[in-house]
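See below for the structure under consideration.
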4 protein chains.
Amino acid sequence: MRKTIVGVMGPGDNATEQECEQAYQLGQLIAAQGWVLLTGGRNVGVMDAACRGAKAAGGLTVGILPTKTFEAVSDAVDIAIATDMGNARNNINVLSCAVVIACGMGMGTASEVALAIKNGKSVVLLTQDRSTVEFFNNIARDRIAWADSAEEAIAIAFSVISNQLLSF
Amino acid sequence: MRKTIVGVMGPGDNATEQECEQAYQLGQLIAAQGWVLLTGGRNVGVMDAACRGAKAAGGLTVGILPTKTFEAVSDAVDIAIATDMGNARNNINVLSCAVVIACGMGMGTASEVALAIKNGKSVVLLTQDRSTVEFFNNIARDRIAWADSAEEAIAIAFSVISNQLLSF
Amino acid sequence: MRKTIVGVMGPGDNATEQECEQAYQLGQLIAAQGWVLLTGGRNVGVMDAACRGAKAAGGLTVGILPTKTFEAVSDAVDIAIATDMGNARNNINVLSCAVVIACGMGMGTASEVALAIKNGKSVVLLTQDRSTVEFFNNIARDRIAWADSAEEAIAIAFSVISNQLLSF
Amino acid sequence: MRKTIVGVMGPGDNATEQECEQAYQLGQLIAAQGWVLLTGGRNVGVMDAACRGAKAAGGLTVGILPTKTFEAVSDAVDIAIATDMGNARNNINVLSCAVVIACGMGMGTASEVALAIKNGKSVVLLTQDRSTVEFFNNIARDRIAWADSAEEAIAIAFSVISNQLLSF
């Protein structure tokens, strides 16, 4: 009965237009799979775009907020969890997901990718940034997969969730 | 679009049969209102009974687990959030709810009631235990309401959520 | 080499003069035993008074702050730990202590006493309030001791720490 | 009265001999400055080595443990804080420090560096690994300084703490 949760992490205020477009697509594709989308829940950047995509496709969205209150929650979050834990909530973001997809990169996202790997989660990075690829490959090659598009990221997530892929 | 979340807190391993029956009813009634049920998510006691009640009535259930993994999650939890925070997750339980209903009393529940009040949340206690009533009335009379039945607890929650009741 | 930590918990803004006097004494006596004092670290009420007492007696003080920053830390805290976790930091307060002494009662303190017992810690309550005594005795008689004075609280803590008292 | 806390973060079980030697030196130099050393507190790798260095130089050491209990604490930790928060405690590690020094790199360390920068802290990286330098420079050049030796890391920390360096 428990639903499969897939996380989309990425920049908030500094997200690029392309990252938001990809996040929107990720949200749509996650909803189309029948998975629940989990994000950091705020009304900016990748978090917001992914939630809007999932809602447009009829999905269910969970937002894990860093705050105590709900003032900055995305309108596209169905279920808002208020942690009042600031950036420590990033650990909850990743622990609750079957797969973590990072779309773009920033300091919050880097912490989520690192925490996800540290916690033994499977991570898909949707980026072509060379220094990001090299850094994470150097310290955790076997826990990370790289994708060039939202479709490819979802295909990898599908493989992991279906247990067709036990490791990358 | 954000859904209203109502929490049901209560004993796990030490819950009585009556507490579990009331928790089941609370779950049913919360689902019937169209609210999301939030509990501590474990497969025992009040948490489990409330989730089963909500699912029997077609509702949606969220479980905030103290653990990193999902081994002890209730089968009746739809959306499981793994915090890996032990009892500190009790604070998240209460922060995410519009109203917190305590069904029975134990140390975990007492911490949740106290944290809920400390965080400014409205709390309904479903108990007739005299020492519990006196203790919480002595330190927080205006933040707590008392109910004798699941129906009464839900009626109070409805008033709070409808803003008909700004304080007790 | 690890130092013994004893916690003093109690009301902040609403602490009475008597509670602050007892907290000051507790701090002095904890320092005199060579124990480290741990409190919630803020510059008000029992937290502040206990820290000042410990420093007056040449002790070492640790403050576990709910905040991200150090603006509201007591001047008598030597080592300030910033959690940015709000009231969830109450769980850290109690986990780090060999014994938790509650001086006075309020919602934060009630959550700390409940969390301490839930986590298997030994708790000394320095209060004569009848409803507090009855409530906690009803749900956790064997984990709580009652003291009428700071001296008595410290004597009990000493017994626990010396393993002369395995349970109350 | 509040003491200046400097954190040393780095690999645990996978730390190299060179990283442990540098961590030991960092601990010594931090103690020599009169600063308190803060680490993740476990009895392995960089955490343990830094604490041993600080104790050898007469310093005071704080360990922020991921666990609820004290079984895996370093013998060289004076003040052990038990968080029971797993990797979410990494956020507390960095929030409590005036400066965070990373010695070596792994997934836990990467999360701490990222969280430190996200929280506005100053970070010194003691590494020459090219991919680490490029990755963090790309996303947070102005919050990170690079050091080739323990002495250089401490000199940078000194500048930050003395407010001679407001940004790198």
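Miscellaneous remarks
- Selection from segment D:1-32 of residues that are β-branched (V, I, T) and either within 14 Å of chain C (Cβ to nearest Cβ) or buried (at least 24 other Cβ atoms within 10 Å of the Cβ) (or both): D:T4, D:I5, D:V6, D:V8, D:I30
- For B:G45: the one exception among (1) under 13 Å from the mean Cα position of the chain (by Cα); (2) under 22 Å from A:W35 (Cβ atoms); (3) open to solvent by 10 Å² or more (accessible area, probe 1.4 Å): (2)
- Taking (1) within 13 Å of chain A (Cβ to nearest Cβ); (2) closer than 25 Å to D:K55 by Cβ; (3) acidic (D, E) in turn, D:E152 satisfies each apart from (1).
- Against the list (1) without any contact (Cβ under 8 Å) to a residue 60 or more places away in the chain; (2) touching a Ser or Thr at 6+ places or on another chain (Cβ under 9 Å), the condition C:A57 fails is (2).
- Segment D:130-148 - residue that is open to solvent by less than 10 Å² (accessible area, probe 1.4 Å) and among the aromatic types (F, W, Y) and, of those, nearest to the other protein chains (Cβ to nearest Cβ): D:F135
- Conditions (1) free of Cβ contacts under 8 Å to residues at least 24 places away in the same chain; (2) open to solvent by 20 Å² or more (accessible area, probe 1.4 Å); number of the one not met by C:T127: (1)
- Residues that are without any contact (Cβ under 8 Å) to a residue 24 or more places away in the chain and either at the interface with chain D (Cβ under 8 Å from one of its Cβ atoms) or open to solvent by less than 10 Å² (accessible area, probe 1.4 Å) (or both) within segment A:69-106 comprise A:D78, A:I79, A:A82, A:T83, A:M85, A:G86, A:A88, listed in sequence order.
- Filter result for the condition that a residue is of a type in the set (F, W, Y) and modelled with pLDDT under 95, over C:F168, C:F158: C:F168
- Within segment C:51-68, being open to solvent by 40 Å² or more (accessible area, probe 1.4 Å) and closer than 21 Å to B:M85 by Cα holds for C:T67, C:K68.
- Set side by side, the residues C:G45, C:G40, C:G7 differ, and just one is at positive phi and either touching a residue at least 12 places away in the same chain (Cβ under 8 Å) or among the acidic types (D, E) (or both), which is C:G45.
- Selected residue (only one of B:L115, B:L126 is in contact with a Cys (Cβ under 6 Å, 6 or more places away or on another chain) and within 23 Å of C:I139 (Cβ to Cβ)): B:L126
- The residue of segment A:107-124 that is most open to solvent (accessible area, probe 1.4 Å), among those that are without any contact (Cβ under 8 Å) to a residue 60 or more places away in the chain and within 7 Å of another protein chain (Cβ to nearest Cβ), is A:K118.
- Condition check for B:G40: over 24 Å from B:G120 (Cβ atoms) and within 13 Å of another protein chain (Cβ to nearest Cβ): no
- Per the conditions (1) farther than 21 Å from C:E152 by Cβ; (2) modelled with pLDDT of 95 or more, the sole criterion not satisfied by C:L29 is (1).
- When A:W35 is tested against (1) within 23 Å of A:M107 (Cα to Cα); (2) crowded, with 21+ Cβ neighbours inside 10 Å; (3) touching a Lys or Arg at 6+ places or on another chain (Cβ under 9 Å), just one condition goes unmet, and that condition is (1).
The values are calculated or read from the model by the stated rules, or taken from the named source; none is laboratory data. Note that the structure is a prediction, hence the values are computed from the model and not measured. Here Cβ is always computed from backbone atoms with ideal geometry, including for glycine, and neighbour counts include all displayed protein chains. All accessible areas refer to the heavy atoms of the entire protein, side chains included, with ligands and DNA or RNA removed. Shrake-Rupley method; radii C 1.70, N 1.55, O 1.52, S 1.80 Å.
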